[in-house]
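I have a structure here, written as structure tokens, and I will follow up with some questions on it.
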Amino acid sequence: MEQQYQPAKIERNAQSHWINTRAFNAKEDAAKKKYYCLCMFPYPSGKLHMGHVRNYTIGDVITRFHRMRGFNVLQPMGWDAFGLPAENAAMKEGAPPAKWTYDNIVYMKKQLQSLGFGIDWERELATCTPQYYKWNQWLFLRMLERGIVYKKTGVVNWDPVDQTVLANEQVIDGRGWRTGALVEKREIPMYYMRITQFADELLGSLDALPGWPERVKTMQANWIGKSYGVNFGFPYDIDGEKKLLRVFTTRADTIMGVTFMAIAAEHPLATHLAESNTRLQAFIDECKRGSVMEADMATMEKKGMPTGFHVTHPLTNEKVEVWVGNYVLMGYGEGAVMGVPAHDERDFAFAKKYGLAIKEVVRAPGKSFSLDAWQEWYADKESGRCVNSGKYDGLDYMQATDAIAADLKTIGLGDKQVQWRLRDWGISRQRYWGTPIPLIHCAACGDVLVPDDQLPVMLPEHLVPDGTGNPLNKNAAFLDCACPKCGKPARRETDTMDTFVDSSWYFFRFATPGANEMIDARASYWMPVDQYIGGIEHAILHLLYARFWTKVMRDVGLSKTDEPFTNLLTQGMVLNHIFQRRGEKGGITYFAPDEVTLVHDTEGKVASARAKGDGLPVDYDGIGTMSKSKRNGVDPQDLIDKYGADTARFFIIFTSPPEQTLEWSESGVDGSFRFLRRLWSFAHDLAALIQAESAKRGGNYSSYTYPPDWPKRAPIFAAVRRELHTHLRQATYDIERHQFNTVASAAMKLLNALSGLPKIAAANVAKEPTHTQLLHEGMAILLRVLSPITPHVTHALWKDLGFGGDLVEAEWPVVDSLALEQDEIELVVQVNGKMRGSMRVPKTANQAEIETAALKLDIVTKFTEGKVPRKIIVVPARLVNVVV
RNA sequence: GCCGGAGUGGUGGAACUGGUAGACGCGCCGGACUCAAAAUCCGGUGCCAGCGAUGGCGUGCGGGUUCGAGUCCCGCCUCCGGCACCA
């Protein structure tokens with residue numbers, strides 16, 4: 001056994017041992033209880049960052065713990081390999097995205113392997129391979145056949161200079177990232193997945209997921225956004241035709257307060273009215289500038305323009321003017337809203353700005369209404385009653401809604417309706433590096449499905465995008481094809497699929513690697529995933545899409561799984577400082593934290609920063625998620641090279657609980673390394689002790705079996721042993737509830753307790769157990785508690801100390817409840833709720849005995865000042881509180 | 001703007017169901033070892049007052065409930081994540 005802790009050597013040995021024994025290769029075994037532990041697969045961006053290390057270490061701790069609990073564990077890994085960054089890198093380097101992607105995969109796989117994760121690499125997959133994306137295409141066609149996929153127009157960001165569609169990320173302050181040109185909204189045809197058809201089930205089955213964090217379920221429920229309201233129409237005549245301007249409202253009780261209507265710039269009525277109104281057309285054009293992001297829409301200045309056109313109020317028959325508003329979204333609801341300034345905050349602001357009438361129609365008791373300033377209660381559904389509303393006066397929210405909905409129904413203009421906030425999922429991307437949408441456009445036959453036997457539609461891997469649109473559009477070899485129906489020359493669809501498609505079912509494929517179909521029978525053994533682990537940033541989109549695809553796969557008959565992830569752990573983001581400088585065209589250059597010098601203010605916060613390169617100022621953008629695009633990631637490789645994988649793993653686990661956001665700082669990583677080194681040298685000393693004792697017993701070392709009366713015979717050892725099992729109990733409790741930082745703490749406490757033992761032993765020579773035997777028991781606990789976090793060093797020590805067998809096959813240690821027993825317990829003593837000291841009482845003491853004992857204490861009499869206690873509160877095994 | 005979360009010593013964090021706030025680390029201070037340094041080991045370390053015993057204050061801010069609040073309730077502030085084409 002080596003004297004020195006040499007992580008590089010230890011880790012190399014342990015890793016090759018696991019490879020040689022195929023320790024982590026999972027086999028379907030109906031006789032064993034399965035446990036499928038999955039971490040969100042990485043985008044191969046180049047190098048691992050700390051978020052990955054955190055994610056996969058958490059997953060590995062859970063994986064290894066469940067192996068110790070006797071489960072048949074599967075932990076796979078693969079690559080979310082399609083996406084925008086590969087195209088950006090390709091533009092920069094003039095090389096194809098495929099090469100960049102595959103190179104990154106090779107490097108990052110090596111990094112993952114060097115961290116010693118217990119991964120079954122035989123199930124590895126990359127979503128950019130035809131073997132994988134073939135099934136994206138295949139299921140897309142099945143969805144198309146079933147009407148789950150359909151075509152309609154959608155709004156995208158358009159860069160007029162590069163003549164290309166931009167991702168939201170590529171729009172900065174309303175301008176294209178490369179050209180600096182003002183971005184326009186453009187409507188183009190796209191394919192959509194009808195996720196709204198599953199809205200009810202996606203919402204309802206959240207209740208069937210007790211293993212998901214409440215916060216994620218709340219976010220998803222709010223995102224799906226089921227609301228009950230009334231859909232109705234405002235009649236109007238145009239070109240001699242009778243039409244209805246339809247709106248949806250959750251506040252039908254305020255219909256009598258409508259003073260204007262607002263419609264989206266893209267609304268057909270707006271388009272029609274603008275034909276004869278150049279000012280309106282100009283305003284509509286203005287509305288079409290800017291980004292399509294909802295956050296921008298919600299924060300921008302609300303603007304509107306009157307059209308001079310009026311519709312008829314369905315209940316009062318009054319004329320109501322129609323406005324075009326830049327804040328009304330065409331893709332949401334009917335693309336039109338009724339304006340009730342008195343009871344909607346946004347309408348109130350709009351009416352104030354443009355001098356529109358404000359008509360109070362709901363009043364709350366004891367509150368007064370004012371036209372000057374908005375009050376929260378104006379929008380309150382609970383306490384108000386209708387006023388100025390004719391026959392509806394005096395009705396409350398529900399009564400008014402029911403009455404008005406009934407009246408609208410009678411005149412055939414509206415009815416109650418359930419409305420969802422959730423919108424259908426637009427999956428078309430006008431980009432190269434993604435799954436080709438398997439359709440062919442034929443002049444004669446229209447959009448034709450690629451026949452199954454011609455799948456996959458192969459993506460050529462040699463193209464290099466140049467920023468001016470999708471290179472597939474210029475590639476004849478890809479474009480030109482024969483129509484599968486009529487055989488005439490036709491054109492292949494060049495849009496590719498959203499990469500969220502790739503990540504919506506990869507967990508199924510991990511369960512069935514190499515399947516001839518999309519998945520096979522092995523899926524029914526492994527699915528659903530027992531524990532899914534990934535960043536909280538995926539709380540809504542990815543998780544919702546994956547749930548949706550799972551349900552589609554079930555409906556198509558591929559599986560019986562309703563929900564893909566039984567338990568979910570959402571780890572907090574790893575954050576770091578962001579530094580940036582704006583270019584002349586409006587583009588942004590990011591600086592890595594180690595490329596800038598900081599100036600702090602008096603509170604220690606970052607005040608300003610300069611680039612080390614040119615000495616010029618850079619802007620400080622605060623802290624945010626580590627990302628390649630913001631250049632604020634930290635490469636864990638430095639840490640691994642310097643300290644080893646075990647230290648990196650221990651540190652990231654120890655420094656924060658999994659679900660909490662983590663501001664990156666390396667201070668303290670030394671402490672993690674010191675702990676492992678201390679563990680190593682302590683174990684080294686113990687090995688010598690065991691050898692000596694073994695020699696004394698004629699070459700036989702035996703551990704000690706503790707009889708029930710043992711604590712009384714060796715009370716000092718009993719105290720140490722109680723401590724060991726207390727820490728074990730805490731570690732077990734904490735690892736089960738996924739609070740791994742305190743599992744690491746418990747391991748440190750265990751070593752501290754063991755370290756103190758030789759000194760105690762020197763003064764108290766007991767015959768049985770010897771202190772070597774107690775150390776032996778303690779070390780067996782410690783190594784196993786620590787093994788999921790730092791598997792390499794514990795693997796080596798387990799072997800060197802001769803515990804027998806392979807540590808990855810060992811069982812999690814069991815708490816000896818006998819070791820925890822005590823005759824006396826300590827109670828906290830309070831006077832009037834203030835801590836004044838403590839006292840020891842026999843375990844068996846009853847309430848009266850505790851009260852009597854407490855009242856005699858100096859620390860109590862001192863503060864009661866002779867007064868008679870009004871009340872004495874005794875919390876068993878915790879405290880006694882004397883109230884005077 | 002909307003939805004979700006977080007805020008505890010100089011610092012990362014701990015505190016189980018409302019019951020000793022600051023476990024375990026980092027840093028810092030002092031000591032041992034050393035020619036010296038590093039490493040290691042031992043001790044101390046929330047703030048204020050006090051030689052001390054001890055007392056007061058203290059979990060983002062302001063209120064409340066309770067014998068007792070970091071924990072529960074109400075109202076704010078700041079920061080982080082998401083907002084449908086970053087993944």
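The values are calculated or read from the model by the stated rules, or taken from the named source; none is laboratory data. Model, not experiment: these values are computed from the prediction. Here Cβ is always computed from backbone atoms with ideal geometry, including for glycine, and neighbour counts include all displayed protein chains. Areas reflect the complete protein model, heavy atoms only, side chains present, ligands, DNA and RNA absent. Shrake-Rupley method; radii C 1.70, N 1.55, O 1.52, S 1.80 Å.
Listed residues A:465, A:484, A:471; which is within 15 Å of RNA strand B (Cβ to nearest atom) and open to solvent by less than 60 Å² (accessible area, probe 1.4 Å)?
One residue alone meets the criteria, A:465.
Which is at pLDDT 95 or above and within 24 Å of residue A:125 (Cβ to Cβ), of A:38, A:48? Walk me through it before giving the result.
Numbers: A:48 fails: at pLDDT 95 or above.
From the options A:38, A:48, the qualifying one is A:38.
If you don't mind, there's one more thing I want to ask. Of all residues in the range A:357-393, which are surrounded by 13 or more Cβ atoms within 10 Å (Cβ to Cβ), closer than 25 Å to residue A:261 by Cβ and of a type in the set (Ser, Thr, Tyr)?
Hits for the range A:357-393 are A:378, A:389, A:392.
Just one of A:36, A:102 is of a type in the set (Phe, Trp, Tyr) and closer than 30 Å to residue A:661 by Cβ; which is it?
A:36
Sticking with this structure for a sec: Keeping to the range A:198-218, report how many residues are more than 20 Å from residue A:528 (Cβ to Cβ) and surrounded by 17 or more Cβ atoms within 10 Å (Cβ to Cβ).
So the answer is 1.
Let me ask another. So is residue A:754 more than 11 Å from RNA strand B (Cβ to nearest atom) and in contact with a Ser or Thr (Cβ under 8 Å, 6 or more places away or on another chain) or not? Please lay out each step first, then the result.
On the way: more than 11 Å from RNA strand B (Cβ to nearest atom): yes; in contact with a Ser or Thr (Cβ under 8 Å, 6 or more places away or on another chain): no.
Against the criterion (more than 11 Å from RNA strand B (Cβ to nearest atom) and in contact with a Ser or Thr (Cβ under 8 Å, 6 or more places away or on another chain)), residue A:754 does not qualify.
Of all residues being among the β-branched types (Val, Ile, Thr) and in a loop (DSSP other than H, G, I, E, B) in the range A:241-265, which is surrounded by the most Cβ atoms within 10 Å (Cβ to Cβ)? Just the residue, please.
To start, the set of residues in the range A:241-265 that are among the β-branched types (Val, Ile, Thr) comprises A:247, A:249-250, A:254-255, A:258-259, A:263.
Narrowing further to those that are in a loop (DSSP other than H, G, I, E, B): A:250, A:258-259.
On the way: A:250: 14, A:258: 26, A:259: 19.
Selected residue: A:258.
Residues that are surrounded by fewer than 19 Cβ atoms within 10 Å (Cβ to Cβ) and away from RNA strand B (no atom under 16 Å from the Cβ): list the helices (runs of 4 or more DSSP H) wholly contained in the range A:790-884 that include at least 1 such residues.
Those helices (runs of 4 or more DSSP H) span A:791-800, A:817-820, A:847-856.
Would you check which residues across the range A:394-432 are among the charged types (D, E, K, R), open to solvent by less than 60 Å² (accessible area, probe 1.4 Å) and part of a helix (DSSP H, G or I) and list them?
Within the range A:394-432, just A:407 meets the criteria.
Would you pick out the residues in the range A:655-676 that are open to solvent by 10 Å² or more (accessible area, probe 1.4 Å), within 13 Å of residue A:642 (Cβ to Cβ) and more than 6 Å from RNA strand B (Cβ to nearest atom)?
Selection gives A:666, A:673.
Okay, moving on. If you scan the range A:363-393, which residues turn out to be more than 41 Å from the chain's Cα centre (by Cα) and outside any loop (DSSP other than H, G, I, E, B)?
A:363, A:385, A:386, A:390, A:391, A:392
Also, I was wondering about something else. Take the residues of the range A:145-161 that are at pLDDT 95 or above and open to solvent by 40 Å² or more (accessible area, probe 1.4 Å): which is nearest to residue A:177 (Cα to Cα)?
Filtering the range A:145-161 for residues that are at pLDDT 95 or above and open to solvent by 40 Å² or more (accessible area, probe 1.4 Å), the one nearest to residue A:177 (Cα to Cα) comes out as A:151.
OK, next. Restricting attention to helices (runs of 4 or more DSSP H) lying wholly within the range A:629-713, give those where 1 or more residues are at pLDDT 90 or above.
Counting at least 1 such residues, we get A:637-643, A:645-654, A:669-696.
Say whether the condition of being in a loop (DSSP other than H, G, I, E, B) and either among the hydroxyl-bearing types (Ser, Thr, Tyr) or open to solvent by less than 10 Å² (accessible area, probe 1.4 Å) (or both) is met by at least one residue in the range A:266-280.
Yes, some residue in the range A:266-280 is in a loop (DSSP other than H, G, I, E, B) and either among the hydroxyl-bearing types (Ser, Thr, Tyr) or open to solvent by less than 10 Å² (accessible area, probe 1.4 Å) (or both).
Going through the range A:396-449 one residue at a time, which ones are within 16 Å of RNA strand B (Cβ to nearest atom) and under 30 Å from residue A:317 (Cβ atoms)?
A:418, A:419
Filter the range A:589-624 down to residues that are modelled with pLDDT under 75, open to solvent by 80 Å² or more (accessible area, probe 1.4 Å) and not in a strand (DSSP E or B), then give me how many there are.
Count: 3.
Can you tell which of A:519, A:533, A:540 is more than 10 Å from RNA strand B (Cβ to nearest atom), farther than 19 Å from residue A:455 by Cβ and not hydroxyl-bearing (Ser, Thr, Tyr)?
A:533
While we're here: Only one of (1) of a type in the set (Gly, Ala, Ser); (2) more than 24 Å from the chain's Cα centre (by Cα); (3) buried (at least 17 other Cβ atoms within 10 Å of the Cβ) fails for residue A:95. Which number is that?
(3)
Of these, A:643, A:590, which one is hydroxyl-bearing (Ser, Thr, Tyr), over 17 Å from residue A:576 (Cα atoms) and either within 14 Å of RNA strand B (Cβ to nearest atom) or touching a helix residue (DSSP H, G or I) at 6+ places or on another chain (Cβ under 9 Å) (or both)?
A:643
Taking the stated definitions as given, is residue A:291 under 30 Å from residue A:196 (Cα atoms) and either of a type outside the set (A, V, I, L, M) or within 16 Å of RNA strand B (Cβ to nearest atom) (or both)?
So residue A:291 passes the test.
Oh, and also: Do you know which residues across the range A:177-229 are within 11 Å of RNA strand B (Cβ to nearest atom), among the β-branched types (Val, Ile, Thr) and within 30 Å of residue A:162 (Cβ to Cβ)?
A:183, A:188
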